[in-house]
Each structure stands twice: as structure tokens, then as C-alpha cells.
């Protein structure tokens, strides 16, 4: 069961953002280049731009930012814009029953 | 469609709130994207041997069914399989935007956000392989879908949800080989540090008294003792429901081609670093990641609620007052969205918020509402004291800090439209 | 002690471009941004590189030159900036739009833009997913699209590769000249340089030092929707003639449209497969939160022009504040009477398209001390001339027309 | 009642009791026919049938399956009756459903038909 070439998986290539498949190395590069917030990391790497809009990965990125000296208080909250879940465009249009304004 | 109160989330908080608000005579709708009402209750089963015999087994679905029956009997409308994608102010009302085939929005005088929490990531190398699921997903699969995710499972991360998952999988006939720490390093936080883990096990000792009590009980009393115990503790001989509890090992990688085939374990030092020793490859077809929970606050954010950062409650949470009122008139929060706690506490919180919203919408004064909800407040605290599961060790301090933050912000005037 | 040869205030696409083209000339650059690289308008916009929305004149010439640069920029930046020569289609829904576009394309062709009108059937052939109800479209095969994030990032990375330094999360509070040296006071201390370039978008006027001309910048808020990734469904960038006609009419003093959102339709598929659907232009908005009215207005237009989008998932809305100057023309060049002070901003909705050429021209002007003829329409001094009230200036009348054209 | 699937269903459970009655329905996944229980999430029916690879990722083309099971992560998205990116964990199974895995796509690829004509 034991084997000497275990752990060959390089942690750097671990995917952090599962939707856009952004690796740890890519996020670390953005941070080393001065990205200090979730939004800055997102713009530099696309992490958090996919179908889940960062719901799954953002806490891991917050931890990486914190390790780089940025407290979660400043770094931790992504800008959230509607829709908070993917929605068909026809539902945005409001259809027949739309009554806002 | 126009209602008095729209509740987003049909979990223990949302359903309890809906019942309490409806009892005050107001018109309530509950919206949830799940296929049936109950939220996470539907997948929760706990055994607490420290409780009296009649209370030892706690089945979430039973709790959910009774809440749903009460809600339906009172005339609460339940709108399932419906996703809320936005929350916008619409004059004096709130537009709750829906993606269902039915109405595209609900106009409400008040909205209760009871969206619960989300599992946090544990990015182990290989965690994207099919067969790697979250601890919560494992419970949904075996307890709600009634489908085994595989035959041989390994759990990564040691927290209440992880041990509940060991139990749930075992009950469903899945062989759980072991439970170990996540890989050390930043993405997983301190969840991969054995001495931090050991300190937290105290909160779980009642769930598996025979083993964890012996270890976690005395150890929990001080951090220094925990550190010492961790240094002394070497051999992974503990078993919980047949699964090896590997306190000093980390899963450093998940292997597989098209799907999971092995986990790779490495021994750890007490500070979490991987010791040089021999690695083990354990053949498994299922890996469950227990990364902990954090409030799911997106809707409060898009509505425009102010937030405050309280790690004791799970991170950034909407600033809220004693009834769950937020910094926006008409928007309320209850349940895990305000801080992660177990279902019985959450249900009491929901009840309090629902009662308060009902009274406020009926035009009662703030003082009246405060007096009327005093008993509910006591019930919340009692539920917290008696909780079998405590997800966040500092939750009481966190709640207190929120009270202060609310008062400091002078938000007391905010109630309902 | 000098901190750098040149300090660039603002690290959006414009600041990054200026920094890159200065660094390429071996100038020591320090770029300072209150937020992060491309954190404002540069990351909240579409990526159209479209000439046929503009009217003939200096502005169009600048856009064409910049588009030419974008075609080959990936080589020198060693990065895929997402430039794709997709061609653009401006779709027409009414007879009056057709009339307008007929005249408009004729004028464009005189300046070398190969815009041609297509019949209804030809539109369906060129872009099968568009509604059959469109009356026609004008096609410009030379147009395209670029990825704003990738472009900003590539300019930034290459600037740093050539030695430029960037300070993020640092607010500039004051810019002053002291004994021939420029001092830039920031939240993180004071930095000095021989020259300063203000490239701070809507924040530019507040940074103008001393008694110089008062600038005004009128931000217009633009909201967009982004879809899930799709297989390649769109061949072109699609824009809406009604909106273009409206802009030109409004700039010429015509009646305001009844739509306060200024919603004009635009559609493009990015290099990642997402479709961007835009775009509102709302005045008087202070923050970047998107609104249900804006989102709905865009969705409605999209469903009408490209019906397949009804059944596509929208994953996010977003928006940015576009910096518009009083006359609609960008500010690229030295500030009169303030030696060593330069401006690069006010590009409205065309900042991404115009960034390579604007940065390059500014670097040329800064290094040579001369203002190329191509830049004369964009010099900040035109606003000083306004302040002095030189009404009789024939150039000024010409520029007014240019400015009108510039709004496209 | 014989339960559809590959022997992974938890028919009896010492705490939760027996599985409730549900109609067995047929559906296809990538052209092959399977059976599931009406109204259960598509993801449940796929899991019960032993199907774990639900799609391949866009950037690296790697296999993906169910991850969170409650609609948060969008990993289990599939094409259902022609609609792309539907969460299989929150979509109830119906008789005759056509479910397809999603393969990497990109605008660099061949021009395809639009997903839907509205």
C-alpha cells in the first residue's frame, strides 16, 4: 500500500475556483502582484466568474488573501450583483405579470 | 402576487417563522428552490447518546413534516422549486424576483431571508474528481435521496458535520474507512492542524462518548493540555462507528482517473505540517469534504443590507437586531444566515422573527413586540444551551457582539414598512 | 528625491496603457491606484472595437488607429487579449433607422470604413440567430471585440516587466508642483516625479491641481448582463441602429428620448463563450449597483433582437461609470500652463478601444514635448480656450462638430 | 417493487424506515436508457444508476460529478430536454426526459446551432 512516489500531485496546480478552473498558482500570482481583495483576484484571474459566481471558492481565496496579510474584514466580501442564481433571460424580462414600476 | 410576508428559505428558520407570522393573521408565502419543504432538515439525522432515551434519535424529516403540516393548516403558501434571484425595493414594498414558470415576482411588505448557510471549500488536490462530494452532499444523498454515493468512503475534515456524515453513511450501508485532516496549508485554514482539531473535538465528545469523551473531554479544558495531548498522541487507534479517526494524518491528495480511486494519507506533526513518514494510499470510491459552514448572505447583499464581520458567527453577516430586523426597513433575517447554529436553535430564531414580523405588520409598537417576544428569546437561548451540535465555539460571544454592533449603529428605528 | 520619472495616477486600462508605452521608452514609471488594477470602469464594460458607430472625423481616426493596434497587440504583449475580428452588425428595426444608417454608412465609407448595408435576408444569412423582424443591418467586417480584463491585465503585466511599478490600494489626495517637481500626496506618503499623468477616469477632475482649468466629467452608468458560457452562437458584435441614431440626434441638439435609461442594444460573445448583453447609459448615478429597471430594459431588447437569448441563463449583471467630458471628446495631452502635467481620460464608453492609441500618443507627447497633429482635437487646452471664451475661433466650431461625432 | 438503479438505493434504513412509494420512470442519459423514480432529483437517479461523471469541465476538459447536492455549486449541471446548465440536483425526474452531459465548449469551436430558438 505504501509507495515512494505518492503525493506527486503538485499543490500549485490544485484548482481553487472549480467553475472557471483557476489554480492555486494563478491565484497566488495575482496576490503576489498586489491583488488585495476578492474582486481584485477575480479580475486578474476570473476566479469567481463562473456559474456559481464564487459561492464555492471565495472562502478559500479569502484565506489565501489573509495569509498574504489582508484581513478578511477588508478582503472578504465579494461584490454581489443580481441574479444571485443563473436565471433565464425571459424571467428577467418579467413576462406578463411584471408589475415593478 | 402580493403578500404581507415573503419568506425565502423553507428550512427550520423559514418554516418556523412562517407559522409564527401566520398565527398573527398575516398573509405569508414561503419560497424555496428545493423540491420539497424542509431545507437541510430533510437530510439530518442525529444520535445523541447523552440525551434521555426518548430524545436520543433526532430525525430532521420528522421535524420538517410537522412544521409543514402546521404551516399548511394555517394557510401558509409554500412555493417550492422556485429560485429567488433578486430582491429590489419597489416603493414601499419589496420585489422578490422569481425564476419559476409561474409569477415572475412577489411583492411583499416584509421579506424574511432564511437562506441558511453554505459549505466551505476544502481544496484538496484532486477534489474536483467525481466521487468527491461535500459532507452535506453525502447526507443529502443517503438520508434524503436514499442513494449511496459509493461503497467505500473516506472523510476529510473533523467537525460536527463530518462525524454526522460518518454516522449517516454507515447507517446507509456505506463503509467509512476513516476520517482525517485536510491537507495543511492556507486554502484549508486551520482545519488541517491537529491540535486545533483536538481542541474542537470536545464539543463533539457526547456524540461518541466511548472514544471521543476519553480523548476530547479532558483535553478540551485548556489549550495547553490539548497541545500536550496532541504531542503525546501518536497511534490512530480510535474508531467512531467503525471509521478510523486519524487525528495525526492528513489527506494530501485524492487520486483517480475519471473518478476517485484512492486517498493519499500523510502523517502530520501537531502543528499540521506533514511529517516525513510513510504515506499510505487507501482505495476508496467516495471522499467527503467537511469544510464547515458559513452564512449564505447573497440576497441580503443584493438587497443592500449593511454587514458586519464577526468570525464567531461564521464571517460576514448582515447587521441585525433582536427580531432579525436589518438596516433596511422591511428586510429581516433569521437562521444560519445570521450565524451558524444547529436546527433546534434556528427553528426558535425563526419563530421569534416570525412572531415579531407578524406583530409589526399588524401595526404593534416596538415596545409591545419586544415584550411579546421575550419568551421566544428565552427559548432561543435555552435551545442554544441544550444543543447537541455546536458548529461555532464562540457563537454566544458572537451573538453578544452583534447586539452591541446593532445598538452602536443606532438602527433601532428600523422595523417594517 | 524623485520617486520615478513619471507618476501615473489611475491604473485602469488607460493608466496601464500609459505606463506600458512610457516604460517601453525606458521611462521610470510609478502608477498609483486607490483600488486595484482595472477595478473600476475598465472591468465593467463591453469589449466592442467598433468603428461604424462613430461619425467621420478625428475621433473615428483615433478609433481606427487604435483598432489597428489591437489587431497585433497580442504579439508584443505576448498574451491573448481576446481580440477577435468578428465584424460588427448594426441592426435596423424601422424605416427611419434605415434612412439614417444609409446616410451614415455613406459618410463612413468616405473615411475608409467598409460599412455596407444588408437586406433582411442577408442579415439572417450573416447572423442566423437574429430576429426575422429586423429590416436590415449595416455590416463592417473590420470591426471586432477585445477582452477588457485581459487587455488591462496584459498592459499591466508588460508595464511591470519593463520596470514600471504599481501601487494599489493607495489614494492620491493632492497633486502639486513644487519648484519644477511634481509632488503626489497619497494615503501612503508623498511621491515625486518630473511629470504626472492623470488617468483616473471619473476621478480625474478632483485631482486637477492649482488654478488650472476646471474640468467636469459626467459619468454615465452602463449596465450589462452576462450569460452562461455558450457554444459559438454569434459571429459578430451586434449593435442597435436606433440607439446610434438617437445619440447623433441628441448630440445635434435634438429632443431627448423618453427612455431615461438610455438603453441601447449591444451583443457580443467573449473569448470564453459568455455573451455580454448591454447597455444602459444612465446619468446621475453615483454607485455601481445594477437596477431591476436597467436589467429588464436590457433583457427586453435582447429578447426582441435575438430571440434565442430568452432561453439562455444570465449569470450576473454588472455596471460601470463611463467618464464623459463636457464636449464628449477625450482628454489626451499636456495641460497648458502646468508644465509636466498630462491628462489621459474622459474616453466615455470607448476607453477600452481607445486605450492603446491614447497611451501611445500620450507617451510620445510626454517624451518629445511636442503634440502630434493627430492629437490636436483631444488636447486639454481646448477647454482652457472655452474658459477664455474665444467664440470666434474657427477651429472651435470645427471641434464642436467633432465633439458631436465623438459622442458615437 | 424492484428499485431502479445499480444497487445503490437505501431501500430500508433502521432510523428512517422504508423508502416511500414512487412510480418508476424511464429517461435517457447521453442516449442510453435508464430508470429512476418519478420526482426524485435527476442527480439522484443518475447516482442510483452508478453514473458519476456528469460532464467535463470547460477549461481542462476534466470529469465532474455531483458535489454539493443542494444547488449551490452548479457542478452537476446537465442539459435537460435541450435546456443547458440545469442543476440535476434540483430538477425533478419525469418520464421520458432527455438528459445530456455537457462537454467543453468554446467560441473557438465549430459554429453550432443556438441552444434554443425562442
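The values are calculated or read from the model by the stated rules, or taken from the named source; none is laboratory data. This is a predicted model, so every value here is computed, not measured. For neighbour counting, all protein chains shown are included, and Cβ atoms are generated from backbone atoms with ideal geometry for every residue, glycine included.
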Can you pull out the residues in the range D:39-55 that are farther than 13 Å from residue D:5 by Cα and surrounded by fewer than 16 Cβ atoms within 10 Å (Cβ to Cβ)?
-> D:39
Working only within the range A:31-80, note down all residues that are in contact with a helix residue (DSSP H, G or I) (Cβ under 8 Å, 6 or more places away or on another chain), under 15 Å from residue A:15 (Cβ atoms) and more than 7 Å from every other protein chain (Cβ to nearest Cβ).
-> A:41, A:45, A:46, A:47, A:48, A:49, A:54, A:58, A:61
Could you list, in sequence order, the residues of the range D:1-38 that are without any contact (Cβ under 8 Å) to a residue 40 or more places away in the chain, crowded, with 18+ Cβ neighbours inside 10 Å and within 15 Å of the chain's Cα centre (by Cα)?
-> D:34
Conditions: (1) farther than 20 Å from residue D:69 by Cα; (2) in contact (Cβ under 8 Å) with a residue 12 or more places away in the chain. Residue D:47 meets all but one. Number of the miss?
-> (1)
Across the range C:268-298, what is the number of residues that are touching a helix residue (DSSP H, G or I) at 6+ places or on another chain (Cβ under 7 Å) and within 14 Å of chain B (Cβ to nearest Cβ)?
-> 2
Can you name the strands (runs of 3 or more DSSP E) wholly within the range B:1-95 that have at least 1 residues being over 22 Å from residue D:17 (Cα atoms) and modelled with pLDDT of 95 or more?
-> B:2-8, B:28-31, B:77-79, B:84-90
Count - residues of the range A:66-80 that are surrounded by fewer than 24 Cβ atoms within 10 Å (Cβ to Cβ) and in contact (Cβ under 8 Å) with a residue 12 or more places away in the chain = 8
Single unsatisfied condition, residue B:124 versus (1) modelled with pLDDT under 95; (2) within 14 Å of chain D (Cβ to nearest Cβ); (3) over 26 Å from residue D:56 (Cα atoms) | (3)
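Within the range C:299-327, restricting attention to residues that are away from chain D (no Cβ under 14 Å) and farther than 26 Å from residue A:42 by Cα, which residue is surrounded by the fewest Cβ atoms within 10 Å (Cβ to Cβ)?
Looking at residues that are away from chain D (no Cβ under 14 Å) and farther than 26 Å from residue A:42 by Cα, I get C:326.
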Given the structure, is residue B:318 over 19 Å from the mean Cα position of the chain (by Cα) and on the phi < 0 side of the Ramachandran plot?
-> no
Just wondering, is there one or more residues in the range C:319-332 that are touching a residue at least 24 places away in the same chain (Cβ under 8 Å) and in a helix (DSSP H, G or I)?
-> no
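Residues in the range B:164-186: is at least one within 14 Å of chain D (Cβ to nearest Cβ), part of a loop (DSSP other than H, G, I, E, B) and either touching a strand residue (DSSP E or B) at 6+ places or on another chain (Cβ under 8 Å) or at pLDDT below 95 (or both)?
yes
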What is the number of the single condition among (1) surrounded by fewer than 22 Cβ atoms within 10 Å (Cβ to Cβ); (2) assigned to a loop (DSSP other than H, G, I, E, B); (3) within 10 Å of chain B (Cβ to nearest Cβ); (4) touching a strand residue (DSSP E or B) at 6+ places or on another chain (Cβ under 8 Å) that residue A:83 does not meet?
-> (1)
Are any of the residues in the range C:272-282 more than 30 Å from residue C:104 (Cα to Cα), modelled with pLDDT of 85 or more and assigned to a strand (DSSP E or B)?
-> yes
Strands (runs of 3 or more DSSP E) (entirely within the range D:1-117) containing at least 1 residues that are at pLDDT 95 or above and within 10 Å of chain B (Cβ to nearest Cβ) | D:32-37, D:83-87
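Out of curiosity, is residue C:174 outside any loop (DSSP other than H, G, I, E, B) and touching a strand residue (DSSP E or B) at 6+ places or on another chain (Cβ under 7 Å)?
Taking the combined requirement at face value, the residue satisfies it.
Yes/no per residue for (1) at pLDDT 95 or above; (2) surrounded by fewer than 23 Cβ atoms within 10 Å (Cβ to Cβ); (3) farther than 30 Å from residue C:280 by Cβ; (4) in contact with a helix residue (DSSP H, G or I) (Cβ under 8 Å, 6 or more places away or on another chain):
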residue: C:333; (1), (2), (3), (4): yes, no, yes, yes
residue: C:342; (1), (2), (3), (4): yes, no, yes, yes
residue: C:345; (1), (2), (3), (4): yes, no, no, yes
residue: C:365; (1), (2), (3), (4): yes, yes, yes, yes
residue: C:375; (1), (2), (3), (4): no, yes, yes, yes
residue: C:384; (1), (2), (3), (4): no, yes, yes, no
Based on what the data block shows, is residue C:41 modelled with pLDDT under 95, in contact with a strand residue (DSSP E or B) (Cβ under 8 Å, 6 or more places away or on another chain) and closer than 30 Å to residue C:287 by Cα?
-> yes
Checked the range C:139-179 for anything closer than 19 Å to residue A:26 by Cα and surrounded by fewer than 17 Cβ atoms within 10 Å (Cβ to Cβ); matches are C:161
Taking only the range B:288-315 into account, find how many residues are under 15 Å from the mean Cα position of the chain (by Cα) and surrounded by fewer than 20 Cβ atoms within 10 Å (Cβ to Cβ).
-> 2
Residue list for the range B:96-122, filter: farther than 26 Å from residue B:322 by Cα and not in a strand (DSSP E or B) | B:99, B:100, B:101, B:102, B:103, B:104, B:120, B:121, B:122
